Amino acid sequence: MRAWLGRLQRSLSVRLTVLFLFLAVVLAVVFLYGMRLALSRNFHDVMRPHIEHHIDALAAEIGTPPSIERAQALVARLPLKAAIRGPRFNWSSHPDSDADFSVVGADDRLHPPVHLRVLADGHRIMFRFPKPDREGRPAIIGAITLAVLLLLTAATYWLVRRLFLPLDDIRAGAIRFGSGDFSQPIPKRRDDDLSDLASEINAMAVDIQRMLDAKRQLLLAISHELRSPLARARLNTELLAECGERDALLRDLAVMRDLIEKLLEGERLNDRHAALHPEPTDLNALVHETVADALGQARLEIELASRLPTLMLDRTRLQLLLHNLIDNALRYGREAAKPPIVMTTIEAHRARLSVRDFGPGVATAHLTQLAEPFYRTDQARTRDRGGVGLGLYLCRRIAEAHGGTLSLRNAHPGLEVVVSLPTQDSPERTEYAEQHRLWDEQASKLDEKRKGWKTGIGTR
């Protein structure tokens, strides 16, 4: 309830509608009160002489002495009640309501007044205009008024909401562009200022996409061009005689090779994940296989979920993710009393893979940037622990390529990295599969361009 009220308070449409209603109510109250005040003060002074003159005319028409026949004709012709009281006549046009003539000279704001005329022969003629029949009408009028106000409020909100509907499109487009999805521009619903704003944001998105594509192509080109001289340098180094300088040079060349490979792999995954080859995979079996093949006799604890559904994963890249996470855990937790732990669990349509070490952990200020490319804490820059600052970045790219997430937290002690992957029946997986299909269509066009680009590199 509190969250719903918070959204209403932040809604521009709701605030404009409330402002409109407030101004409408204030204007109506001021207008009605002003008009009533202006008219009520002069109404009695202006209208009373006319009413008294009309009563005199009616009494004169009945005559002196009063004529019952003329009085009856007058009552039949006009909507009024009449009564004659005197020494000769005692007559009433409505005998069943004689009590209406018992209050003479009453305040006409409380009761319809009784107008009295005394004739020369001693008879009294009394006139009374009937009270309008309004029984039940105020409630009906009030209900109708309230219904009309509610309809006007709903219509006003609908108009205001429709007026600002392009803001929802702009917001959704900004979220898409911020996540790197430039495939769908912001739609233009009509020709106005908001449509112009959407066009400007679309143009900005096109420019950003071009800059990102240019950056990726430059990075891929540089990485690709470095492969050949690096391979030649490694070959020439291996031909040297055994010495400490040769081993150090080979280690540096291996770091450069890993850097280039991770750069290329990261950019492939960043390119709308077109390089994935998903297949039905048992995550628990993949963990056992990775630990056995890549880590050998390393100290490591494994806690796997007993019932884990089959996932659609790219086995090669998930093995790379696992290898990087376990290697980091072993490297930074090698001095800890307890070995790192690899765990799998299932929670609400998502499979969770976590790797935790019991080392010194990472400062909280570094957690949000630890999975960024080339980012390393000061502790990680020591030569004995190595690293080029691309391992966690590549792991994050692999997780996102599968529609999942990668998060880091200090476990006190140590650092825990959690990879959350959607299962086959999760809504995120269905949405991701459809988006992945659209990305594949775009990626096929880019692949054609890259084939031509690679052919050009091979001819140089």
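The values are calculated or read from the model by the stated rules, or taken from the named source; none is laboratory data. Remember, predicted model here, so these are calculated numbers, not experimental data. Positions of Cβ are backbone-derived with ideal geometry, glycine not excepted, and every protein chain shown enters the neighbour counts.
See the values below:
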item	result
Residue, surrounded by the fewest Cβ atoms within 10 Å (Cβ to Cβ), within segment 396-425, restricted to residues that are out of contact with any strand residue (DSSP E or B) (no Cβ under 6 Å at 6 or more places or on another chain) and in a helix (DSSP H, G or I)	Glu400
Per-region count, segment 198-213, residues closer than 12 Å to Gly173 by Cβ and among the charged types (D, E, K, R)	1
Residues of segment 62-80 that turn out to be more than 14 Å from Arg117 (Cα to Cα) and in contact with a helix residue (DSSP H, G or I) (Cβ under 7 Å, 6 or more places away or on another chain), as a count	2
Residue list for segment 322-351, filter: among the hydrophobic types (A, V, I, L, M, F, W, C), surrounded by 20 or more Cβ atoms within 10 Å (Cβ to Cβ) and touching a Lys or Arg at 6+ places or on another chain (Cβ under 9 Å)	Ala329, Val342
Among residues of segment 308-346, those that are free of Cβ contacts under 8 Å to residues at least 40 places away in the same chain, closer than 16 Å to Ala399 by Cβ and not aliphatic (A, V, I, L, M), counted	4
Failed condition for Leu212, given (1) more than 28 Å from Leu23 (Cα to Cα); (2) part of a helix (DSSP H, G or I); (3) at pLDDT 80 or above	(3)
Residue that is loosely packed, with under 10 Cβ neighbours inside 10 Å, closer than 30 Å to Val25 by Cα and at pLDDT below 75, where the choices are Gly136, Gly142	Gly136
Residue under evaluation Leu353, criteria (1) modelled with pLDDT of 80 or more; (2) not in a strand (DSSP E or B), criterion not met	(2)
Matching option when the condition is modelled with pLDDT under 85, at positive phi, of a type in the set (Gly, Ala, Ser) and exposed (fewer than 14 other Cβ atoms within 10 Å of the Cβ), among Gly63, Gly34, Gly105	Gly105
Of residues in segment 108-123 being modelled with pLDDT of 85 or more and assigned to a strand (DSSP E or B), the one farthest from Pro79 (Cα to Cα)	Val118
Segment 279-307 - residue that is of a type outside the set (A, V, I, L, M) and at pLDDT below 85 and, of those, nearest to Arg331 (Cα to Cα)	Arg299
Condition broken by Met126, with the remaining ones in (1) loosely packed, with under 11 Cβ neighbours inside 10 Å; (2) modelled with pLDDT of 80 or more satisfied	(1)
Ala380, sole failed condition from (1) modelled with pLDDT of 80 or more; (2) part of a helix (DSSP H, G or I); (3) aliphatic (A, V, I, L, M)	(1)
Positions within segment 408-422 being touching a helix residue (DSSP H, G or I) at 6+ places or on another chain (Cβ under 9 Å) and more than 13 Å from Thr364 (Cα to Cα), in sequence order	Val417, Val419, Ser420, Leu421, Pro422
